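Okay, so here's the structure we're looking at.
Readers should treat all values here as calculations from the given coordinates under stated rules, not as data from a laboratory. For clarity, every value in this text was computed on a predicted model and none was experimentally measured.
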Amino acid sequence: MFLSEAPHRRMRMNELAAACNLSLSGMTRVVNRLEKQGLVQRAKCQEDLRGWNAVLTDDGLARLQEAWPAHLASIRWHVLDNPTGHNLGSLAAALERVAITP
């Protein structure tokens, strides 16, 4: 998702790792797996030539767009449509923090 929203669908590996709350080595493993599937590719950073960017491929974007409806439906069912057992006050406070976060 972060790559799909980034300019030119690319982000530096360390920035992507931070956005996903992963270590750089953890992100490297994820990108390796996605790269083997043709969903992401790596490209040298043109700004300094030391770092690497992860780039979402056209196939990767298509796969993400396929998954969005099912993912959103699952979130809706688990969080909004099925509140049994959830502390609704805590849920409301969490959603408010998400809505305010830039």
Under-5 Å amide H pairs with residue 57, H placed in peptide plane, nonlocal only: 40, 41
For residue 51, distant residues with modelled amide H under 5 Å away: 45
3J(HN,Hα) from dihedral phi, region 36-44, Karplus parametrisation 6.51/-1.76/1.60, rounded to Hz, x for glycine, proline: 5, 8, x, 8, 9, 9, 9, 9, 4
Helical contribution to [θ] at 222 nm, DSSP H n ≥ 4, -39,500 (n - 2.57), averaged over the chain, rounded to 500: -16500 deg cm²/dmol
In sequence order, calculated HN-Hα J values of region 89-99 (Karplus, 6.51, -1.76, 1.60; Hz; x Gly/Pro): x, 5, 4, 4, 5, 5, 5, 5, 5, 5, 5
